[in-house]
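Enquirer: Once you've had a glance at the structure underneath, I'll fire off some questions.
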Amino acid sequence: MTSVYWVLFLPLAMALVNRLWGGKLTRAMSGVLSSLAVGLALLFSLYAFSRVADLPLSDQGSRQIFGTLYSWISVGGVNLGFSLLLDPLSALMASLVAGVGLLIHVYSIAYMGGEDEGEFSRYFAYLNFFVFSMLVLVMAGSFLVMFLGWELVGVSSYLLIGFYRGRESAVKAGVKAFLVNRVGDFGFLLGILALLVNYHTLDFPAILGNPGLLAGRGALATVVPLLLFAGAVGKSAQVPLHVWLPDAMEGPTPVSALMHAATMVAAGVFMVLRCHALFQASPAAMATVAWTGVATAFLAASIALVQTDIKRVLAYSTISQLGYMMLGAGVGAYTAAFFHLFTHAFFKSLLFLGAGSVMHAMGGELDMTRMGGLKARMPVTYWTFLAGALCLAGFPLTSGFFSKDEILRQALVSPGGSPWLWLAGTLTAVLTAVYAFRLVFKVFHGETRMEKDAWDHVHESPAAMTLPMVLLAAAALLAGLLGLPESWTRFQPFRDWMAPAFFDLPAGLMPAAQAAAQAVPDWALLLLASAIALGGLAFCWRVFARHSDLPSRLMESPAARGVHALLWNKYYFDEAYQAVFVDGFRGLCRLVWRFVDEGIIANLVDLAGSMAEAAGSTLTLLQTGYVRFYLGAFVLGVVLILAMLAGLI
Amino acid sequence: MGLTQALFFTFAALALASALSVVFTRHTVWAAYLFVAHLLCLAVLYACLSAPLVAVLQVMVYGGAVMVLFIFAIMILDASVLGRLDWRQEALQAGLSLALGLGLAGLLFYVLDRHAPALALANPVSASADLGRGNVAALGRMLYTQYLLPFEVISVLLVVAAVGILVMAKRKLED
Amino acid sequence: MPIEFTLGLAAAIFSVGAAGVTFRRDPLVLFMCVEMMFNAANLALVGLSGYFGLLDGQTMVFLVLAVAAAEVAVGLAILIAIFRVRQDVDVDHVSELRG
Amino acid sequence: MNGVISMNNLPGIYPDLVVLLGAFAVLALELLWPQKGSKTRVLYVSMAVLGLGLLGLGARSWGMPQEVFPGFLRVDGLSGMAKFILLGIGILTLAAGKSGSRNLGLDHAEYYALLLFALFGMMQLCGSVNFLGTFVDLETFSLAMYVLAGFNKRLAGNREAALKYFLPGAFAAAFFLFGLALVFGATGSVRYQDFVTAWQSPALREAQRALMLAGLGLMLAAFAFKVGLVPFHFWVPDVYEGASTPVSAFLSAGAKVAGMVALLRLVGLVADPLDFFQAGPSSYALGRVLLLLSVLTMMVGNLAALRQKSVKRMLAYSSVAHSGYALVGLVAVLGGHSPDGASALMAYVLVYVLMNFAAFGLVAALEAGWPQALLGRPPMLEDFNGLGFAKPVFGAALALAMFSMAGLPPTAGFTAKFFLFKSAVEAGQVGLVVVAVLNSVLSAAYYLRLVVHLYMRPAAREAGLPLFEGWGAWMTVFCALLLLFWGLLPQSLINLSQAATMGIWH
């Protein structure tokens, strides 16, 4: 447990140092010390990881180290402690958070180099605080501590999103992120209270080890998980509370990378996985999670298809990928969902860092229609970005391929799955492949659409920025090895590691249709997934890069030539039809985005806000300033009280 | 009906009537006179309710001291008839006040009408010998024994009032 | 004296006072109406005192009289302090603070 | 002999007596030190008096509950804790006003004397177990408060505040008195103990019960006015905005503590947890009333606060909303048989006082540095622009207080809300808790707005409106640290409030 304290303490201490003595530290000191703090936190969390691995593996739930730092409240026989839990889930997640956090810290030293010292240390203070908050959330051993981390993450993300305080939009985005998250917290806190009243404790081992207690309380078994899920919907940007995430781009780009990878948005998925024992006691709750996930995945992917702002495309893609994770969690594929979270952390932070590198080179430009041809000037950024995009699109043998495929497979064959879930997920995979490659082609390929002098300034980013990208690219490409399909090999390090942390979905629930679906061979699904990714690549190449000479250079790569050869003819013959279909579909997607997202959901959120505002206005109108009016209200109140006490109302 | 009762009911009617007149008369000075009348009616009622000391105090404190304060205030503020409002506004305000007053009265009557008659059974306390004409000594004894604490606190309250009045009335000259 | 009648009378005067408070714009008359409400409560106490044969009610009225007199003094001081600097005496015109 | 002062009992109210004597002493000092500029000394004397009171409190007033004046005044944990909070409020108010007292025209011995008198009244009220005593104590501190609200008559805001506080205040007192008469009619006594005895007596008849409830209802209205429950709250924003800032802070905190403690005792009359089921369905009616008031108060307070640009007005509406939250504890007292409702209420009140003074302290510090021309203008949100960077320590303290008000961990605001909501859920008041949690989500919007101004707006008039780094500002830091401490280690807070509410009704 001591190592865990260090994991938490170091980033917090450094955040305070940066905040309080920030003005006195040089930029290099501030940046290096902050990175060092996170680096040491990473070492300690790896040590914690090894400690968990040392524990004997007897049965499920055995690999747990549970400790209470101190007793928070003890009241009426209820003991609420500040407790931490170290198990395969939290150990891996903490290492992931610290690892990605470290890379992003290093990257930030270069990226934020242009800021003056005060701003620089303020940035690192917030960044350290963010990592600390997320680590609290991850290491939490009780719902109470998790809620603490949950809110701290909210506060620190609000500070980071609104970092550029001169920009009104940044401030608004920060506030929006915080408030939308608070809506989710509303459910989360109620869920926690319900658990407290039923279990008389909030410690994870006591509650999650005994889901049967809640299951015996009728509707509570469904209500409580759904309340908890409301928190996850807010934090993980699921429909309909996803509106804050695209706006959260207003923060510095490395922050987006951190937020979209292992921290903040992953918290919701992490929480659902942590509480899966409660969720799986209620089929209705599981179904809600799964369908919310798949709906989010589809909606966000279709929106990403028509965006031209790089970071915005990436933001919607995050929402979509989180939808996949929720889908996995909802069908009982916990390991797969967490594996996707794991691989996504690498490739999505990679993509954001790549986008940041592009921005850095282009003086803040984000519109991909004004880019193109960057491949030549920024080779490292290009190749690493491509690696990330391949993973995102589920290109065969990359990590995203394996993790996404496993979720889709489980959506089909798991007792909690359904063919419809699978179908929707697969359709989303098609969209994903298209928007991922579109991004790559538009930005890096073809003739540049930039102005001459801007183009002359384009340059590769410094090593402090490219090095994290290269490392992440390697991780993103290779992470798949940890979770190859079970039909391929018995080497399953990820699955074996997570096994003690997750309960299986009871098999008895399986409807007949599912049993039939189980007959679908694994290789067929893998083949389909490969086809989707490759098809998407070919299609994008066709649509977005055809008029440039870059495709011919791309053809020199053997893999791309193979893809091209496989799909070329089919799309070539159907070109006219494709154009109509694609245009039509793009129109549809734009429509979805305009009406559903901007028109309805964003407006619903705004509507709630403006209703509150309007109610406030009405109420302040009552505040007339006339004391006789106040006295009249007083009499009215007395009449009301008397009538109620006399039993008349 | 004995004389006391006749007096009681007569002055009860007068008290209510003067109270209503205070509310409805438009002139501040008239309101003050009617208020004095109201207070004196109450003093008579107190006397009828076998509380002669309270009746005397009522005349002295309220009918005398308090009313003098009011009259002084009227003189200082040079109060006269306030201008009429737009008749719609006036009617609206009157209507609302009436509704509130009736609502309050209705509820109080509802509670009292249904429950006050039963009070007789609630507290079978025999009439004490202290009550009646010679109760001044007994009242004084009570003030200094059982009710000593509030009595003392009221002396603090009077100091607070004195300081407060000083602040409100004098400070202006000092600065 | 029937106790119901005394209490009813007190309630009636109390309500008249409450209505008057919300109706009158003249601060002095408004304040008189508040005093009327105090007196109504006193009337109830005196009535109950006689009814129960308990001296407590009268003792309390004695104390309440002192409190009410102090309150009147402070209240009038406040009203004078406020309205002396104004051109008119209308409670409704003291309504700068609102919203 | 019943009620006669015995000298042996007086040490039980030692803190009250110290404060009272201190008030007289301060008045006398006006004669000894008439020259201008001596008022800081008076302030130190007042603080010393309050400190002495706190010392005496520690020595004597805890321990076994006892009736110091039988039938009138009780000394128990509840009154002990309330006095502890009230004395603290006194010290904090003096600190908040120290730097700006000349500016605000508060540097007069009468100001300090009235403050001490008001505190004496409140302290008496917190131990009162007699309706008449409650009335007298209520009037004592109210009279002082009316004058304090309008203390600086040169400011139009002060004058209007005094009017808007005084008229409804006197009105409320009349309602209290009529309620007292009804209770006297129903039970023939004005002691709390007799009320409880009658209420729990098997011979209690419906007629009597109805009168008792109606009387209690009228008194409830008077205290609802004091603590600012909707629809008795209308004076709150106007008076807080109009009165001088230290006075507003004192009003909001002191009146709330005294009012809530009194409400707790009143409600406790019909809701002895041990005999709840005996009490029958009539206390259910009172529970419904409180429930409705709580919901209305939270909604109205938070919604109206959303629109405010003036910081004091926003804090006023927020204080209304906080009364609504605190009432959740009272509903829990009535609705269930766990004493946690009462202790949660007390913990919440204490935390509220700290949050409130943290906020008002910085407002006062801001005003203390204002030029004469700006006096009387309410501080706006814009005045806090960029303060978080100009003054990192004070800005952070204020931000922490705002997060605490919004109920975010790891602040005491979260702890107290959590404890409160837990007790209500245990009492079966799930619906109320849902509303309360929803409201705390809503309230984040306006608390956050102040934080936005602190940290995310450039300081437009950095030179024009400096923050006066006097006692007020450091008081904010002090309160914020305490909020953080009780957020992380709340056990002492819980223990304190549980000890305070143990066995308060018998």
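The values are calculated or read from the model by the stated rules, or taken from the named source; none is laboratory data. Please read all numbers here as calculations on a predicted model, not as lab measurements. Positions of Cβ are generated from backbone atoms using ideal geometry, with glycine treated the same way; all protein chains shown enter the neighbour counts. Remember, those area values only see protein heavy atoms, side chains included, never the ligands or the DNA or RNA. Shrake-Rupley method; radii C 1.70, N 1.55, O 1.52, S 1.80 Å.
Enquirer: Taking R0 as 41 Å, what's the FRET efficiency between C:VAL85 and D:VAL430 from their Cβ-Cβ distance, rounded to 0.05? Walk me through the numbers on the way to the answer.
Expert: Values: r = 54 Å, r/R0 = 1.31.
Efficiency computed from Cβ-Cβ geometry: 0.15.
Enquirer: Okay, next question. Between D:THR197 and A:THR489, what is the label-point separation in nm under the 7 Å Cα-to-beta-carbon projection?
Expert: 8.7
Enquirer: Determine the sum of side-chain charges near D:VAL257: Lys and Arg each +1, Asp and Glu each -1, restricted to other residues whose C-beta is under 12 angstrom from that of D:VAL257.
Expert: Result for the neighbourhood of D:VAL257: +3.
Enquirer: Hey, with R₀ at 22 Å, roughly what FRET efficiency would B:GLN89 and A:ALA614 work out to, going by the Cβ-Cβ distance, to 0.05? Can you show the working numbers first?
Expert: On the way: r = 27 Å, r/R0 = 1.22.
In this case the efficiency is close to 0.25.
Enquirer: Find out how many positive minus negative residues lie around A:THR432, taking Lys and Arg as positive, Asp and Glu as negative, among other residues whose Cβ is under 13 Å from that of A:THR432.
Expert: +2
Enquirer: Let me know the shape class of the stretch D:78-203, please: from the alpha-carbon gyration tensor, a ≥ b ≥ c as square roots of the eigenvalues, rounded when a/c is under 1.5, otherwise prolate if a/b is greater than b/c, or oblate.
Expert: Oblate shape, in that a/c is at least 1.5 and b/c is the bigger or equal ratio.
Enquirer: Once a ≥ b ≥ c are taken as the square roots of the eigenvalues of the Cα gyration tensor of the stretch A:82-144, is the result rounded (a/c under 1.5), prolate (a/b larger than b/c) or oblate (a/b not larger than b/c)? Write down the numbers at each step before the final one.
Expert: Values: a/c = 5.96, a/b = 2.14, b/c = 2.78.
Taking the square roots of the gyration eigenvalues as a ≥ b ≥ c, the stretch A:82-144 is oblate.
Enquirer: With a 1.4 Å probe, how much accessible area is buried between chains A and C, both sides summed, in Å² to the nearest hundred?
Expert: Chains A and C together bury approximately 900 Å².
Enquirer: On a 0 to 90° scale, report how tilted helix A:379-393 is relative to the longest principal axis of chain A, with both axes built from alpha carbons and the result rounded to the nearest 10.
Expert: Once rounded, the angle reads 60 degrees.
Enquirer: Might you tell me the accessible area per residue for the stretch B:1-120, computed with a 1.4 Å probe and given in Å²?
Expert: Working: 5770 Å² over 120 residues.
Heavy-atom SASA per residue in the stretch B:1-120 reads 48 Å².
Enquirer: What's the local net charge at B:LEU107, with K and R +1, D and E -1, over the other residues with C-beta under 12 Å away?
Expert: Working: positive: B:ARG114; negative: B:ASP113.
Net charge in that neighbourhood comes out at 0.
Enquirer: Another question about this same structure. Per residue, how large is the accessible surface of chain A? Use a 1.4 angstrom probe and give square angstrom.
Expert: On the way: 22190 Å² over 649 residues.
Dividing the accessible area of chain A by its residue count gives 34 Å².
Enquirer: Summing both sides, how much accessible area is buried between A and D? Use a 1.4 Å probe and give Å² to the nearest 100.
Expert: Working: alone 25970 and 18510 Å², together 38500 Å².
Interface area, both chains combined: 6000 Å², rounded to the nearest 100.
Enquirer: Starting from the Cα of A:SER62, move 7 Å in the Cα-to-Cβ direction to define the label point; list residues of the stretch A:88-105 whose amide nitrogen is under 16 Å from there.
Expert: Counting only backbone N, you get A:88.
Enquirer: For the stretch B:27-34, what does the Karplus curve 6.51 cos²θ - 1.76 cosθ + 1.60, with θ = phi - 60°, yield as ³J(HN,Hα) per residue in whole Hz, taken in order and with x for Gly and Pro?
Expert: So the J values, rounded to whole Hz, are 9, 4, 5, 4, 4, 4, 4, 5.
Enquirer: Here is a further query. Provide the buried accessible surface between chains C and B in square angstrom, both chains summed, 1.4 Å probe, rounded to the nearest 100.
Expert: For chain C against chain B, roughly 6700 Å² becomes buried.
Enquirer: Can you tell me, using C-alpha contacts under 8 Å and at least 6 residues apart, the relative contact order of the stretch C:3-97 as a whole percent?
Expert: For the stretch C:3-97, the relative contact order is 30 percent.
Enquirer: When a/c reaches 1.5 or more, the comparison of a/b and b/c decides; with that in mind, is the stretch B:1-120 rounded, prolate or oblate per its Cα gyration tensor?
Expert: Taking the square roots of the gyration eigenvalues as a ≥ b ≥ c, the stretch B:1-120 is oblate.
Enquirer: Hey, another quick one. Residue-wise, which Karplus ³J(HN,Hα) couplings in Hz belong to the stretch C:42-58, taking 6.51 cos²θ - 1.76 cosθ + 1.60, θ = phi - 60°, and x for glycine or proline?
Expert: The phi angles translate into 4, 4, 4, 5, 5, x, 5, 4, x, 5, 7, x, 10, 7, 3, x, 5 Hz.
Enquirer: Let me ask you something else. Take the solvent-accessible surface of the protein heavy atoms, probe 1.4 Å, and return the percent of it on chain A that carbon and sulfur atoms account for.
Expert: Carbon with sulfur: 68 percent of the solvent-accessible area.
Enquirer: Determine the gain in length on full extension of the stretch B:LEU16-B:MET75; use 0.36 nm per residue of separation and subtract their C-alpha separation, reporting nm with one decimal. Intermediate results must be reported in sequence, preceding the final value.
Expert: Numbers: separation 59, 0.36 × 59 = 21.24 nm, distance 2.69 nm.
Extra length from B:LEU16 to B:MET75 when fully extended: 18.6 nm.
Enquirer: May I pose another question? Residues of the stretch D:114-131 losing 10 Å² or more of accessible area relative to the isolated chain, 1.4 Å probe, heavy atoms only?
Expert: Those are D:LEU114, D:PHE117, D:PHE120, D:GLN124, which lose 10 Å² or more relative to the chain on its own.
Enquirer: In degrees from 0 to 90, rounded to the nearest 10, what is the angle of the helix C:3-23 Cα long axis to the longest principal axis of chain C?
Expert: So the inclination is approximately 0 degrees.
Enquirer: Mind ranking C:43-53, A:252-262, A:416-426 by how tightly packed they are, going by the mean number of other C-beta atoms within 10 angstrom, highest first?
Expert: A:252-262, C:43-53, A:416-426
Enquirer: Measuring from label point to label point, each 7 Å out along Cα→Cβ, what is the B:ALA99 to A:TRP383 span in nm?
Expert: Calculated label separation equals 8.1 nm.
Enquirer: Follow-up. Quick one: accessible surface of D:PHE468, probe radius 1.4 Å, all protein chains present, in square angstrom to the nearest 10.
Expert: Here the residue's solvent-accessible area equals roughly 90 Å².
Enquirer: Moving on. Over the stretch C:3-97, with every protein chain in place, what whole percent of the accessible area is carbon and sulfur at 1.4 Å, could you tell me?
Expert: Carbon and sulfur atoms account for 55 percent of the accessible area of the stretch C:3-97.
Enquirer: Counting heavy atoms of the protein chains only and a 1.4 Å probe, report the per residue accessible area for the stretch D:46-133 as a whole number of Å². It would help to have the intermediate numbers written out before the result.
Expert: Details: 1940 Å² over 88 residues.
Roughly 22 Å² per residue, with all protein chains present.
Enquirer: Could you work out how far helix D:430-455 tilts from the main Cα principal axis of chain D, as a 0 to 90 degree angle to the nearest 10?
Expert: So the helix axis and the longest Cα principal axis differ by about 10 degrees.
Enquirer: Under the definition of Cα pairs under 8 Å and six or more residues apart, what whole-number percent is the relative contact order of chain A?
Expert: Once normalised by length, the contact order is 12 percent.
Enquirer: Which residues, if any, in the stretch D:187-201 have at least 50 Å² less accessible area in the whole protein complex than in the isolated chain, probe 1.4 Å?
Expert: Checking the loss per residue gives no hits.
Enquirer: In addition: Got a sec to turn the phi values of the stretch A:160-174 into Karplus ³J(HN,Hα) couplings, 6.51 cos²θ - 1.76 cosθ + 1.60 with θ = phi - 60°, whole Hz, x for Gly and Pro?
Expert: 6, 5, x, 4, 7, 6, x, 8, 4, 5, 5, 4, 4, 5, x
Enquirer: Report the accessible area of B:ASP78, computed with a 1.4 Å probe over the heavy atoms of all protein chains in place, in Å² rounded to the nearest 10.
Expert: So the heavy atoms of B:ASP78 present about 120 Å² to solvent.
Enquirer: Hey, another quick one. Using only alpha carbon pairs under 8 Å that are at least six residues apart, calculate the relative contact order of chain D and give it in whole percent.
Expert: In percent, rounded to a whole number, it is 16.
Enquirer: Which residues does a label at A:ALA53 reach in the stretch A:333-360, if reach means a backbone N under 19 Å from a point 7 Å past the Cα toward the Cβ?
Expert: A:339, A:342-343
Enquirer: Whole Å is fine, so just give me how far the alpha carbon centre of the stretch A:149-223 lies from that of the stretch B:48-76.
Expert: Value for the Cα centre distance between the two parts: 63 Å.
Enquirer: When the accessible area of chain D is split by element with a 1.4 Å probe, what percent falls to carbon and sulfur? Could you put the intermediate results ahead of the total?
Expert: Details: 8540 of 12650 Å².
Ligands and nucleic acids excluded, carbon and sulfur reach 67 percent.
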